[in-house]
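Notes to accompany the following structure.
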Amino acid sequence: MQYTSQYQSPLGGITLASDGECLTGLWFDGQKYFADTLETESERKDLPVFRQAKRWLDEYFRGREPGFTPPLRPAGSPFRLAVWEILKQIPYGEVTTYGEIGRKLAERRGAPAMSAQAVGGAVAHNPISLIIPCHRVVGSNGSLTGYAGGLDKKIRLLSLEKADTESLFLPQKGTAL
């Protein structure tokens, strides 16, 4: 059984999901791939993991780096899990590129290279937004490429973290929009 809870953020509603012990989902309401790992039947319930996640979100939206992480259990392929593990290592207030994540993953796997597009697909399907910080990933040219929650939210999240966005820009055309 999966459980859900709601959180109202300054950027809109957020749906949280849990297996009863760990957080399995965190999505901005209506975002791309919203609740795609959530079972069709779930129950709204107040759980300790939801209280921890909401405390984390409260700290985060106050513009502070939370000093803890609630227990997480994202569901995905081994490739996606490896990408999400790298995402968790991006420091608060910093950004990295899809290509850099690909290089790290290739190095860990002993491969000569890893497709930035494949990494992009894994980043886009991250089921635990914010806590697994996919909003901190940008294009290699500094483009603020797609974010499942919307580019407006991505910009606001990076601003909230006081990330250096001087060299970043919004794409004017293409699939990143």
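The values are calculated or read from the model by the stated rules, or taken from the named source; none is laboratory data. None of these values were measured; they are calculated from a predicted model. Quick reminder, even Gly has a Cβ in these numbers, built from the backbone with ideal geometry, and neighbours come from all protein chains shown. In case anyone asks, the SASA skips ligands and DNA or RNA and just uses the protein heavy atoms, side chains included. Shrake-Rupley method; radii C 1.70, N 1.55, O 1.52, S 1.80 Å.
State in Å² the accessible area per residue of the chain; use a 1.4 Å probe, count heavy atoms of protein chains only, and round to the nearest integer. All intermediate terms of the calculation are to be shown ahead of the outcome.
Values: 8920 Å² over 177 residues.
I get 50 Å² per residue for this part.
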Original post:
Counting only protein heavy atoms and using a 1.4 Å probe, what share of the accessible area of the chain belongs to carbon plus sulfur, as a whole percent?
Top reply: 49 percent
**OP:** Take every Cα pair under 8 Å in the stretch 83-177 that's 6+ residues apart, average their separations, divide by the length, and report that relative contact order as a whole percent.
**Re:** 30 percent
**OP:** Would you grab the residues whose amide H sits under 5 Å from the one on Val138? Only those 5+ places off in sequence or on another chain, please, with H modelled 1.01 Å from N.
**Re:** Thr96, Thr97, Tyr98
Original post:
Once the whole set of protein chains is in place, how much accessible area is left on Asp152, using a 1.4 Å probe, in Å² to the nearest 10?
Top reply: 100 Å²
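Expressed in nm to one decimal, what extension gain is obtained for the pair Gln89 and Asp36 from 0.36 nm per residue of sequence separation less their Cα-Cα distance?
Between Gln89 and Asp36, full extension yields an extra 16.7 nm.
Please sort 34-40, 20-26 by packing, taking for each peptide the average over its residues of neighbouring beta carbons within 10 angstrom, highest first.
Working: 34-40: 13.4, 20-26: 19.9.
Highest mean packing first, the order is 20-26, 34-40.
Exceeding 22 Å between C-alpha atoms, which entries from my cross-link table qualify? They are Lys32/Lys154; Lys88/Lys162; Lys104/Lys153. Can you show the working numbers first?
Working: Lys32/Lys154 13 Å; Lys88/Lys162 18 Å; Lys104/Lys153 27 Å.
Pairs exceeding 22 Å: Lys104/Lys153.
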**OP:** Can you grab the distance from the C-alpha centre of the stretch 7-77 to the C-alpha centre of the stretch 110-166, Å, no decimals?
**Re:** 18 Å
Original post:
How far apart, in nm, are two points set 7 Å out from the Cα along the Cα-to-Cβ line at Glu43 and at Ser9?
Top reply: 2.8 nm
**OP:** Show that you can apply the helix-only estimate: for the chain, add -39,500 (n - 2.57) for every DSSP H stretch of four or more residues, divide by all residues, and state [θ] at 222 nm to the nearest 500.
**Re:** -9500 deg cm²/dmol
Original post:
Points 7 angstrom from Cα along the Cβ direction at Leu81 and Arg55: gap in nanometres?
Top reply: 2.7 nm
